[in-house]
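Written out below as structure tokens is the structure these notes cover.
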Amino acid sequence: MENFLNSLPKPVLAILVLVVAIIAFMIMSPPHSVCDTQAEAFKELQKGNIFPTDYKKSKIPPTIVRAKEACQLGNSAGSCYEYFTILREVADAVGKSSAECTSQLYGINEVRSNLNDGIELMARLAWGTKPPEMGLERFGWMQDAEIAIFCRLKNIYTRANGEEAWTNFRKKVYEKFPGEELPPSADPALVAVEPRKATQVLSEQDIWNRSLFSVRCEVY
């Protein structure tokens, strides 16, 4: 190889070196696509919401971490207001991306984990500690504003991942719904019995009918 390179005319060798350098540069720093540009703008916009912010040499955790904890503890419209608002803002920002870029933006770890967690938590809060009755009870304490946010999250999820992925996702959430509420034991010495899950006592259709997943989002 060395002999071959030495035998080349200097102009040819210079061109060859330049081509190799360009190829190496493109491999190490591939050109940005439209979706890459949108993803960078999205990350900058959502700093503080779902991405940490830098302060001197420290990183400040995103607001959604604290907001989610407050929602889980309070389990009410007031305590979940900030958390649901952040979820809506993130979903809206993803929704403003080009159709071909939605999947890439949703695929960002912080987006996927937070929006998926948000959908699941909303469904579980609406379900409560035991299977709700069908009808308006399946919404729990949630009113139109909260249900509209849930529908927005569903819309963005299906746009990014497809209907089949949505079906598989909600079936996984079904497995976390409690199927019964056990009364507290009068004897503290007894080992607490784990309540059965909804998938053990109800059919899939029954679970769907009683859950937030059955909401008619076209109304919202």
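Each residue of region 50-64 is assigned a 3J(HN,Hα), and the resulting list reads 10, 10, x, 10, 8, 9, 6, 9, 10, 10, 8, x, x, 4, 4 Hz, derived from the Karplus form 6.51 cos²θ - 1.76 cosθ + 1.60 (θ = phi - 60°), x at Gly and Pro.
What the phi angles of region 207-213 give under the Karplus curve with 6.51, -1.76 and 1.60, with θ = phi - 60°, is a coupling list of 4, 4, 4, 9, 9, 5, 4 Hz, glycine and proline written as x. For region 35-89, applying the loop criterion from DSSP together with a ceiling of 13 other beta carbons within 10 Å to the trypsin sites (Lys or Arg not before Pro) yields Lys56, Lys57.
Return the carbon/sulfur percentage of the accessible area of region 47-214, one whole number, probe 1.4 Å, all protein chains in place. Carbon plus sulfur share of accessible area: 51 percent.
Applying a threshold of 26 Å to the alpha-carbon distances of Lys154/Lys176; Lys57/Lys96; Lys43/Lys154 flags Lys57/Lys96 as lying beyond it. Each Cα pair under 8 Å and six or more residues apart adds its separation to the average, and for region 47-214 the resulting relative contact order is 21 percent. Rounded to the nearest whole angstrom, the semi-axes of the ellipsoid equivalent to region 47-214, taken from the Cα gyration tensor as √(5λ), stand at 30, 21, 14, largest first.
The values are calculated or read from the model by the stated rules, or taken from the named source; none is laboratory data. None of the values given here were measured: they were computed from a predicted structure. Neighbour counts are summed over all protein chains in view; Cβ atoms, including those assigned to glycine, are modelled from backbone coordinates with ideal geometry. Just the protein is used for accessible areas: all its heavy atoms, side chains included, with ligands, DNA and RNA removed. Shrake-Rupley method; radii C 1.70, N 1.55, O 1.52, S 1.80 Å.
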